[in-house]
Each structure stands twice: as structure tokens, then as C-alpha cells.
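Below is one structure; the comments refer to it alone.
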Amino acid sequence: RATQERCVSAIASAAMAAKGQFARYFEQVYGLMRVLLQQTGDKELVLRARAMECVGIMCLAVGRDGCSHIVQACPALRCAAWVRARTRTPTRN
């Protein structure tokens with residue numbers, strides 16, 4: 001499990017570093033993260049959390065247009081997007 005957690009964190013780091021260029025890998029990696037998110041055991045709690053974090057970072061990396069279908073399908077991301085939209089600090093001129 002520890003190795004899997006590190007791998008998920010490494011994928012998240014790669015996504016953030018690649019930014020928009022990660023879009024071509026998004027669907028395939030998201031499929032892998034979904035498998036991890038569906039684990040139900042208590043021992044997989046940290047792994048699920050890392051996978052959720054990774055999906056969030058992937059969404060940030062590719063931008064709203066690249067992940068809007070994922071945000072709509074995932075209640076946790078939809079909630080996070082709602083909160084973020086309502087707590088943004090207005091820009092000052």
C-alpha cells in the first residue's frame with residue numbers, strides 16, 4: 001500500500017508539473033484512480049484519500065474545460081468546486 005500511495009502522489013506531481021499537457025493522459029489515469037476510489041477496506045483509507053487528492057490535482061492541471069465531465073460525475077469534486085466558486089476572493093483593481 002505504501003508503494004501505491006507514493007505512486008499516486010508521483011502521478012499527481014507529474015500532472016501538476018505538466019499542466020495542460022497532462023490532458024492527453026487524463027482519462028486513462030482517471031480510470032486508474034476510480035479503481036482506487038472504489039476500494040472499501042479500512043486499510044485503503046489513505047490510498048483512497050491520495051487518489052481523491054490526485055484527481056483534484058489532475059483537474060487543476062488540465063483546467064475546467066478538461067475535467068468538467070469528471071466534476072459533474074463525482075459528488076466530492078462537485079462540492080469542492082461549489083465551495084471554491086463561492087469563496088474566491090474578489091480581485092481588486
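Within region 1-77, the percentage of alpha carbon pairs spaced more than 15 angstrom apart rounds to 50%.
Within the shell defined by Cβ-Cβ distances under 11 Å, the residues around residue 8 carry a net charge of +2, with Lys and Arg each +1 and Asp and Glu each -1.
Here, each number is a calculation from the coordinates, and none is a lab measurement. Predicted model only: the values in this text are computed from it and were never measured. Neighbour counts are summed over all protein chains in view; Cβ atoms, including those assigned to glycine, are modelled from backbone coordinates with ideal geometry.
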